[in-house]
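Input: a single structure, listed below in structure tokens.
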Amino acid sequence: MRVSMKDIAKAVGVSQTTVSMVLGNNKNCYASEKTKEKIFKVVREMGYIPNFSARILQGQPSRTIGLVTSLTGPETHSKVVERLIIRFGEKGLHVLMNNVSGLSPENKYKVIMELLSRRVDALVIGETTEEMTERIPATVKTIMLHALKVHPERENFCQITVDREHGGWLATDHLLKSGRSKPAFLGFNVAQNQAKISGYRRAVAEHCGSPDDARIYCPVTREKVDAYLSEMVDLFKDDVIDSCFCSNDYIAAALIHTFLRHGIRVPEDFAVVGFDDLSVCESLEITSVHQPLDELADAACSKITAVENDYPGDFAETILLKPELVVRSSTES
């Protein structure tokens, strides 16, 4: 027979309300630590399993968060997911996660509606498109991670992302302050890297008087970047460039490998900076822009906790986190 909350209350000798507040981690619960320990002990011994459907029917929060992300995306995305699950768990929140890698915008939207049908209290979206977000109901509290587009008009949207423009400025400013005078930018997909390019242009303008877009190399696809690697060697030999800010660490690693293969020393002859500060940077000693993933996860958890506890204040907000530059031997010998 299924054990109920009433059975737990009877075994402990407290009211059902007290048991409910303790198990629900209610902020207004004033039960002593001794009582809480006794309740949790009886819960384990009697094998009590919470009835979340009953909570929802009573109008209570499900204490479940819907997480939509891509597990085949950048390494930074998976690291954020790991941190979010840990932090939500520490707050007594449950996570329903869906991987939307490779799905069309329509199918991504169906995934979101499936999560909403399970009565999640809020959504955290790390993989999104404009078409998908436009269709999210206005009543659903939604946290957008890594968003490239701001939605200031959506009162149910909170956007938490890293200031990529500042990161691009940090990388390029470092190259120029290190004695380089002709830094290039190498990446792919201008739309996705627009903020980084803006930071690159700002730093060049500050040091050189005006930005030089002639050194921005940004093909449409990732595959075409490979063709640019050897071309960067030729540009260096022709004295067109003397360093490079790469849009991610994998491109930076590939560029360093290409230069070394051609007998060009890094950083003595040519300096390289990446973006993300992935694990490859430590092994290859690549200077990179570090994304504050712990801060990002903490900010998302704080927003969700505010929703769960019905704290006053506007949910809509754009939180822009500042990255930091981690200097290694790809720019300094």
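The values are calculated or read from the model by the stated rules, or taken from the named source; none is laboratory data. Keep in mind the model is a prediction, meaning the values are calculated, not measured. Every residue, glycine as well, gets a Cβ built from its backbone with ideal geometry; the counts of neighbours run over all protein chains shown. Ligands, DNA and RNA are excluded from the accessible area calculation, which covers all protein heavy atoms including side chains. Shrake-Rupley method; radii C 1.70, N 1.55, O 1.52, S 1.80 Å.
What the table below lists for this structure:
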read-out	value
Residue check for VAL273: in contact (Cβ under 8 Å) with a residue 24 or more places away in the chain, crowded, with 23+ Cβ neighbours inside 10 Å and in contact with a Cys (Cβ under 8 Å, 6 or more places away or on another chain)	yes
Some residue of the range 74-84 being open to solvent by 60 Å² or more (accessible area, probe 1.4 Å), among the aliphatic types (A, V, I, L, M), at pLDDT 85 or above and touching a helix residue (DSSP H, G or I) at 6+ places or on another chain (Cβ under 8 Å)	no
Residue ID - surrounded by the fewest Cβ atoms within 10 Å (Cβ to Cβ), chosen from residues in the range 97-153 that are in contact with a strand residue (DSSP E or B) (Cβ under 8 Å, 6 or more places away or on another chain), of a type in the set (Lys, Arg) and at pLDDT below 85	ARG118
Elements of type strands (runs of 3 or more DSSP E) in the range 249-333, at least 3 residues being within 26 Å of ASP226 (Cα to Cα) and modelled with pLDDT of 90 or more	271-276, 287-290
Selection from the range 1-16 of residues that are open to solvent by 70 Å² or more (accessible area, probe 1.4 Å) and either in contact with a Cys (Cβ under 8 Å, 6 or more places away or on another chain) or at pLDDT 85 or above (or both)	LYS6, LYS10, GLN16
Flag for ASP314 being in contact (Cβ under 8 Å) with a residue 60 or more places away in the chain and open to solvent by 20 Å² or more (accessible area, probe 1.4 Å)	yes
